[in-house]
Structures are given as C-alpha cells and as structure tokens.
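Notes follow once the structure below has been shown.
All of the numbers you see were taken from the coordinates with simple rules; none came from a lab. Here the structure is a predicted model, which is why all the values come from computation and not from measurement. Quick reminder, even Gly has a Cβ in these numbers, built from the backbone with ideal geometry, and neighbours come from all protein chains shown.
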Amino acid sequence: MQMPEPDARVLSIKPQLVKRLREVLPEDAVIDAPEETRAYECDALTAYRCPPLCAVLPSSTQEVSDVLRICHELGVPVVPRGSGTSLAGGALPTADSVILGVARMTEVLEIDYADRVIRVQTGRTNLSVTGAVEEGDFFYAPDPSSQLACAIAGNIAMNSGGAHCLKYGVTTNNLMGVTLVQMDGTVVEIGGAHLDAGGLDLLGVICGSEGQLGVVTEATLRILRKPEGARPVLIGFDSNEVAGRCVSDIIKAGILPVAIEFMDRPCIRATEDFAKAGYPDCEALLIVEVEGSPAEIDDQLARIIEIARRHDPVELRESKSAEESARIWLGRKSAFGAMGQINDYMCLDGTIPVSELPYVLRRIGEMSAEYGLGVGNVFHAGDGNMHPLILFDANKPGDLEKCEAFGADILKLCVEVGGCLTGEHGVGIEKRDLMSHQYRDVDLEAQMAVKDVFDPKWLLNPAKVFPLPVSAGRRAG
Amino acid sequence: MRPESEDELAEMVRAANGPLRVRGGGTRDIGAPVQGEVVETGGLSGVTLYEPGALTLVAKAGTPVAEIEAMLGAEGQRLAFEPMDHRVLLGTEGEPTLGGVASANVSGPRRISVGAPRDFMLGVRFVDGAGRVVSNGGRVMKNVTGYDLVKLMAGSWGTLGVLTEISLKVLPAPETEATLVIPGLVAETAVAAMSRALGSPFEVSGAAHGVAGTCLRVEGFESQVRYRTAQLTELLTGFGAPQVLEAVDSRALWRRIADVEELATDAGDVWRLSVRPSQAPGLVQQMRADQVLLDWGGGLIWARVPEGTDLRARLEGFGGHATLIRAGAETRSRLAVFQPEPAPVAALTAGLRQKFDPRGILNPGILG
Ligand SMILES: Cc1cc2nc3c(=O)[nH]c(=O)nc-3n(C[C@H](O)[C@H](O)[C@H](O)COP(=O)(O)OP(=O)(O)OC[C@H]3O[C@@H](n4cnc5c(N)ncnc54)[C@H](O)[C@@H]3O)c2cc1C
C-alpha cells in the first residue's frame, strides 16, 4: 500500500498556513506541534501511520467553512476525521494534509418525537444519539459495533451498517438531511425533516463518499420507537452449506428477523476458549433475533425453529429471558476480541450473494491452508456481508504482507461470485487498489466526475477510494 | 427509436445530434414538456435474475412493473415501496416500467416505513449522455464500494443517463393486513393521531388522511395484525372509535390511496408536497386547495387546485419541496414543475448534469 509523495510546496508553507488558521480558530483548536499531531497519525487501520501537517478542531459550521476556505486558497489537502475508528484507513493523513476533526461538534440541535427526527452536530457519537432520545423510548437504528466511539460524521462518510440493518437498513436509509461544507467554504443544506429530494438525490451520493465531497457538520436523522422486546435463538449445524440453506429458508418463509449472524468453526472455537458462552462444538452457528411483543416473539421464533428442525440442527437454543439472550449474544460480541487473543488480525468486509455462502467459505478454507494463515468467519448472514478475520503476527517479518495478499484474494473472490469489496467499512486506502477488480475504468470515471463537481481541485481526502494511477491526473491538477 | 440492446442504445445516444426524450411506458408524463426524439426502453425488457432466498431481483429497465410484481407474487414477495400507478391520476395509457419507477423514484404509502425505490435499488447500469455504458452498485444488499451513483440515478428523471438494468432488494409480502379508520378528524388532529401511531412500536406501514377518514395500516402474520390492531385502537382512544378493515378491503383502500384516486376525477392541477409532518396542517390551511389527501403521516400532501395556480407562491419559504404532477403543458412550462433549488445546490445539480450529459441532450428542460 502506497501513499503519494507529500507536496514539498505545501510542507514549506506550514508556518503561513498555521498562522492563517489561528486567525479563524481559537488557539487550542489548531494543533501543530509534532508531538501532538501524532495523535492523529492513524485510524483503526493501525498498520499505516503518518502524522499530518497539522490538525484543527473547529466548533461550528462557520469555523469549518473558514478553515476550508483557507486551505482551498492555499491549495492544502484536507482529511476530515470523526472519531478515527475507520477500518479502511479513511481518516489516514498524509504529511502534507490538514486533519479536520469534528470531535468538538457534539451538540444535539433538535429532537422531535412527533416528526421522528433528531438533528445533531456530526461529531456526536453514534450511541449518544440513541442516548439522547432514550427517555422518549426512541432509538437511532444503525448500530455499528464501534458505536460507543464512532461519530455520526464517520457513519455518514462510510455509510456504516450494523447488526440490525437487515430490518432497519444502513446509514443512508436513516439519513434525512445534512449541512455540508464544500472545499471552497460554501455551506450547502441538503434535505431536512421531510422525505426524499426535490431534485437530484445529492444526499444519496454524499452518504458513503468517504469525506471526499465535503465536510458534513450537521445531520438530520430518522429516529424510531423502540420495539417492545427482542429475543434470539441459537442454532448449530454440522455444515456451512446446511446453515446457509437454513438462512435462505427463513427469509423465504416471510419472516424478517432483525439480525441473522453466522459464525464458523474456527470462530466458534476461539470465542468458546475466550468467552465461555457455552456454544456447541459444531461447524456453523446461527444467531437469529426477532422483535415484538412477547407473544409476537414466541410466534416468530416458533416458525424459525420449525424451519431449522427441517435441517437437522445439532443444537437449538431458544432464549426465554434477558439473561439467556445475553448469553447467546456473549460469544458473538466477543468474537473480535477472542480472535485478537490468538493473534493480530485483519478484518475483511466483502459482501456476497447469500446463495454463494457455502462455496465462498470452502474456498476461504482452502486459501487459508495455502497461505498458512488461520481465518475465522463471523458475519451478517441475512445480507451476505462477510467479516473474515485473518490471523497474522505483526512482529513476524513478511506476515502482514502475506495477510494482505490473502485478504485481497478473498475480496477478489467476493467480486467473482457477484458480490463486492466492501459492505460497510468503506474503501479508504485498504481496498483502493482493488477497485479495478470491481469496476471498469469507465465506471470509476463516472464516480470521479462526481468529485470533480463537488471538489474540482481534488483537495478533500484525495488519495483514497480510487487507485492512485486512476486518479493521478486529477490530484496533480 | 427503440433500441433492442444496451449496446444499440449506447450507439444511438452517441450518434444523436439533437435532444432525446427518454420514455419507459409513457405513463408518467411529468415535468416541463420536452422536445426531442423519443427513445423508448421497451426493447430492453426481462427479468434476468430472481433469487427469492436472497431477496434479490435483477431486471432490464424496460420490464413492465406488472411482470415483476406477478413474478414476486408467485413467491410471496413484493416491491415493498408500493409504487404509485400514475395512470389513474394522469389519465395516461401504457405499461409502467421498472426504469420509470426508478427514474422518478416512485413510491407509495409504505415509503414511510420501508423507504423509496432509492432504498431498494442495489445496482444500476445506464448509458450516460455521452453514450458511455456505466455500471454502479451490484446485486448484494450491503455495498459501500465507491460512490453510490445508484441513489443519484434514482429520481434523476432520465437527465443523467438512460437506465438499462436495475437490481432490487425485494421483501416478503406479509401474511395479512388490516386498517384502522378513524372518521371525522380535521387535518390537525389527524396528523396528531398519525404521529402517535407512527411513534408507537406497532410498526404502522401506512398512515393517510383523506375521504375515507384517517387510515392506519398494520401488516404481518395473522396473530400479529390482530394484536397490533388492538393495541393501536387502545392507543388512539382519544381520537374516536376506529372501524377496522380486514385484509381485502384494506388492500383495496391502500391501492386507491397509493394512486391518489380521490383527486383524479375532478378537474384541476395536482401538486405533491413533501413536508415535515407537523407542518402539514398549517400548510394545508395556507394553500387553500380544493381538495387534499395526506399520506406519510402528513409528510406527503397531495393537493388539487384550480388550473394554473402557483401553489408555491402561497407557501412562501416552507421547508420541503413541491412538485407539480398534473397540469396542462402551458402551466408546466410557466411554473417550475420541480422545486427551485437554492443557488449552491442548483450549482451542484447543474455540474453533475454537465458531467453526465455534456451535450445536454437527455430530457433537456424536464427539470425546469
Ligand atoms: C471495533 C470496531 C468495530 C466496527 N464495527 C463496525 C460495524 O459493525 N459496522 C460498520 O459499518 N463499521 C464498523 N466499524 C468501522 C468504523 O467504526 C466505521 O466506519 C465508522 O463509521 C467510522 O466513524 P468515525 O467517526 O470513527 O470516522 P473516522 O474513522 O474518523 O473517518 C471515517 C471516514 O469518514 C470521513 N469523515 C469523517 N468525518 C467527516 C465529516 N465530518 N465530513 C465528511 N467526511 C468525514 C473520513 O475522512 C474518513 O474517510 C468498526 C470499527 C471498529 C474499530
């Protein structure tokens, strides 16, 4: 993985830049001391690090606009940052860039239960959005596992998903409006507390644009009333194929669970050793959760169990209480931590058509043997979004490179069977160079044309998403 | 022109030396009148993939919606966004196509609980104004690989490209449904009742207020529907005693609401406004329409006014957007059919259209 050479001209104007930024921001909102910029040198893809030229922490849309106008004038690249939990290197700086963090913009601007919307500044964390409406018994649906830390800003930029998106959709389906500041400082209001766009669906393309079209400072989000309750059933199978067929049969039966999670044997073993959730020793395990009143839950679980029985499960455990639900979820929730106990890991995020599940899992197993690296699979089976966790040893020379090659092969496989490189984590730098496996040049050209319109000078997070050779002409200009 | 393949379409667009009018089934004659040679998508038709177990369907853009719905129906599934059939309101003929539904982002009452076509479109292929064949998205449910041009194409009214193929997420059709109808409410209390229902955990999938009364729909398994109906009845006691419509009547009612049938018969222009629900009662009062139908819990206002009325002039500065759906050609050329955009948004729109259609030949003028 390569990043472009930093621009010497930009490096040389650092003093002038910092001075200009201090004119529009409070003293403590401009961070330029090398020992302090280090705090912004990476996101959750920690294998890649580079301190920025400086970092700024504006407190308002106006300040964001002022910062961008100055950077635009001086031709300095800007990398927007929420909480820095991106797994794709989306918030990784370059040495010649300014990190623009929205961490100080955490206010709730409006809550309206009658219209079922909340408006927040985007530095607010995902979980604290739900926290703000909990007293009204409402919640914000997209729930990435990183929800305690990640910001709405990053969620919008990555179009993040979560465990419950089978029923509630991902960020883009729950986002109603944004305040966006363009690179030249122009402030644009898009959408609001009403549905759909009057003209082109700009909101739709801004969501998931990985900080390349503008800095989102405020957002209107849809909030929902909490369901009366939720309970899962755990089902064990002695083959991945059968588990895959069971998922498909549940969906075909007209039941729409809020979550269908899948774990394979390596992952089950690791979590058992780590969390002792009492999972069965089997090839594949499903956790299927449904919502509603106690009677509605009983009824839906009964239907699911009846379908599961037809597939000869080796284990069937229906939760009857909050404690039992917590135990069933315990292993799934500790899966990443458990794999981390064994070794360093890299978390992939490809999506495949659900019907290809057994084939893809078998091929991953074969490749794991060829590469000599362990891999565990835990993922959202209802929508085919896989999270293979490849184990490697960061201290062993060559292991990271081997792991990356293995990861790339898995993602190419996802594309080959009709899927995609990333279901919810984003392209960032991590999958940037694989984009040409999924899209032809003309397809990438159409996407880059959108950036040309929003950010003609290509100063916003420029070295991400598109393979460097493909975006080279634009970045230089 | 009626291309029989995507390649042929691309060739035609490249060779075009004047404006083109893109047409699916021709049932949605909406927008400022467009002069140009007609390009019809009927030759690009057929479902190319349907996997009920994966809730996905891929079809060419000219495929009739009815064909897709029949195929889904046979597997107990459906297009959850409940597309409106504009023939009823506009008096048009022809067969609505998937491409038309996508290009106009046409949804119905269930928009409020599940979303619009934009939320169900997983991937697109299209021919842009320069004749380039572009593909974006795919056929899987979660996909954040690159920019989401799928959403940009949804509701772009053929101005960025001619859609050739669309992949969709579909959903299971519920076992049954029922509708509570509360009679005699005025707009203000109706919106309050609908907000209360939509803010409950009972998964209301339709909330409208019109000639039938204030209507609230629940869907699901038989026992679920019974439970939810009872719970909602209790929750809404303050608003009056509801009548309950069982499945068959409920379905017929929502078909009529989706197609805005009650505004269809009498003469006049018909406007469609997307607004913040709680502002609907005030706006209804301000607009002095001859008849209104509220959908989406008040978030969607359908209004019939005398021909030639500039409804927006009566609603100075409201938050939301108004579209003139039914009016004579003269009115449609005179009044902006689509909501005028603030300058910075208009600049982005113009920039995108310039990139995707550099010669300005795709449905020029349709957006006003
Ligand atoms: C343990 C763990 C679990 C995770 N689980 C999930 C999961 O279940 N589902 C999921 O989808 N993701 C998950 N993620 C990934 C990550 O949390 C999400 O991508 C998240 O949305 C990133 O938010 P952030 O605020 O940390 O953004 P950052 O990492 O700071 O930035 C992410 C991207 O957003 C851009 N950006 C940031 N702020 C703005 C802004 N104001 N305007 C425009 N662009 C901006 C950045 O430039 C960057 O490209 C997980 C990560 C970790 C570490």
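For the stretch A:425-450, how many residues are out of contact with any helix residue (DSSP H, G or I) (no Cβ under 7 Å at 6 or more places or on another chain), within 13 Å of the ligand (Cβ to nearest atom) and either at the interface with chain B (Cβ under 7 Å from one of its Cβ atoms) or basic (Lys, Arg) (or both)?
Result for the stretch A:425-450: 1.
Of A:Ala243, A:Ala219, which residue is in a helix (DSSP H, G or I), touching a residue at least 12 places away in the same chain (Cβ under 8 Å), more than 9 Å from every other protein chain (Cβ to nearest Cβ) and surrounded by 24 or more Cβ atoms within 10 Å (Cβ to Cβ)?
Working: A:Ala219 fails: in a helix (DSSP H, G or I).
After applying the criteria, what remains is A:Ala243.
Matching residues to (1) under 22 Å from A:Gly423 (Cβ atoms); (2) surrounded by fewer than 16 Cβ atoms within 10 Å (Cβ to Cβ); (3) within 16 Å of the ligand (Cβ to nearest atom):
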site	(1), (2), (3)
A:Ser319	no, no, no
A:Arg332	yes, no, yes
A:Pro353	yes, no, no
A:Arg362	yes, yes, no
A:Glu366	no, yes, no
A:Glu370	no, yes, no
A:Val378	yes, no, yes
A:Asn385	yes, no, yes
A:Pro388	yes, no, yes
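Being part of a loop (DSSP other than H, G, I, E, B), more than 11 Å from the ligand (Cβ to nearest atom) and facing another protein chain (nearest Cβ under 7 Å) is true for just one of A:Gly199, A:Gly208, A:Gly185, A:Gly204. Which residue is that?
Details: A:Gly208 fails: more than 11 Å from the ligand (Cβ to nearest atom); A:Gly185 fails: facing another protein chain (nearest Cβ under 7 Å); A:Gly204 fails: part of a loop (DSSP other than H, G, I, E, B).
Of A:Gly199, A:Gly208, A:Gly185, A:Gly204, the one residue that is part of a loop (DSSP other than H, G, I, E, B), more than 11 Å from the ligand (Cβ to nearest atom) and facing another protein chain (nearest Cβ under 7 Å) is A:Gly199.
Restricting to helices (runs of 4 or more DSSP H) lying wholly in the stretch B:41-130: which have 1 or more residues that are in contact with an Asp or Glu (Cβ under 9 Å, 6 or more places away or on another chain) and surrounded by fewer than 23 Cβ atoms within 10 Å (Cβ to Cβ)?
Numbers: elements: B:65-74, B:87-90, B:98-103, B:111-114, B:117-120.
Filter on the stretch B:41-130 gives B:65-74, B:87-90, B:111-114.
Yes/no per residue for (1) near the ligand (Cβ under 8 Å from one of its atoms); (2) at positive phi; (3) under 20 Å from the mean Cα position of the chain (by Cα); (4) hydrophobic (A, V, I, L, M, F, W, C):
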site	(1), (2), (3), (4)
A:Thr61	no, no, no, no
A:Asp66	no, no, no, no
A:Gly75	no, yes, no, no
A:Gly84	yes, yes, yes, no
A:Leu87	yes, no, yes, yes
A:Ala114	no, no, no, yes
A:Phe139	no, no, yes, yes
A:Ala153	yes, no, yes, yes
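I need the full set of residues from the stretch A:452-461 which are surrounded by 20 or more Cβ atoms within 10 Å (Cβ to Cβ) and either within 21 Å of the chain's Cα centre (by Cα) or more than 9 Å from every other protein chain (Cβ to nearest Cβ) (or both), in order please.
Once the filter is applied, which keeps residues that are surrounded by 20 or more Cβ atoms within 10 Å (Cβ to Cβ) and either within 21 Å of the chain's Cα centre (by Cα) or more than 9 Å from every other protein chain (Cβ to nearest Cβ) (or both), the stretch A:452-461 yields A:Asp455, A:Trp458, A:Leu459, A:Leu460, A:Asn461.
Could you tell me how many of the residues in the stretch A:453-472 are in a helix (DSSP H, G or I), in contact with a Gly (Cβ under 8 Å, 6 or more places away or on another chain) and away from the ligand (no atom under 15 Å from the Cβ)? Working first, answer last.
Just the residues of the stretch A:453-472 that are in a helix (DSSP H, G or I), to begin with: A:453-454, A:468-472.
Right, trim to in contact with a Gly (Cβ under 8 Å, 6 or more places away or on another chain) and you get A:453-454.
Those still in the list that are away from the ligand (no atom under 15 Å from the Cβ) too: A:453.
Adding up the residues that qualify gives 1.
Quick one: is B:Leu198 within 11 Å of chain A (Cβ to nearest Cβ), within 22 Å of the chain's Cα centre (by Cα), surrounded by 23 or more Cβ atoms within 10 Å (Cβ to Cβ) and over 30 Å from A:Ser471 (Cα atoms)? Write out each step before concluding.
Working: within 11 Å of chain A (Cβ to nearest Cβ): yes; within 22 Å of the chain's Cα centre (by Cα): yes; surrounded by 23 or more Cβ atoms within 10 Å (Cβ to Cβ): yes; over 30 Å from A:Ser471 (Cα atoms): yes.
Yes, satisfied.
State which residue pairs qualify: first residue among the β-branched types (Val, Ile, Thr) and inside the stretch A:262-274, second residue part of a helix (DSSP H, G or I) in any location, beta carbons under 6 Å apart, and separation of 6 or more residues or different chains.
What qualifies is A:Thr271/A:Gly331; A:Thr271/A:Ala335; A:Thr271/A:Ala338.
Please indicate, with yes or no, whether at least one residue in the stretch A:96-103 is within 19 Å of the chain's Cα centre (by Cα), within 10 Å of the ligand (Cβ to nearest atom) and buried (at least 22 other Cβ atoms within 10 Å of the Cβ). Explain how you work it out, then say what you get.
Let us first name the residues in the stretch A:96-103 that are within 19 Å of the chain's Cα centre (by Cα), namely A:101-103.
Imposing the further condition that a residue be within 10 Å of the ligand (Cβ to nearest atom) reduces the set to A:101-103.
Filter once more, so that each one left must be buried (at least 22 other Cβ atoms within 10 Å of the Cβ): A:101-102.
Yes, because at least one residue in the stretch A:96-103 is within 19 Å of the chain's Cα centre (by Cα), within 10 Å of the ligand (Cβ to nearest atom) and buried (at least 22 other Cβ atoms within 10 Å of the Cβ).
Enumerate the strands (runs of 3 or more DSSP E) found wholly within the stretch B:267-350, keeping only those where 2 or more residues are in contact with a Cys (Cβ under 7 Å, 6 or more places away or on another chain). Walk me through it before giving the result.
Values: elements: B:269-275, B:291-295, B:300-305, B:320-326.
Passing ranges: none, list empty.
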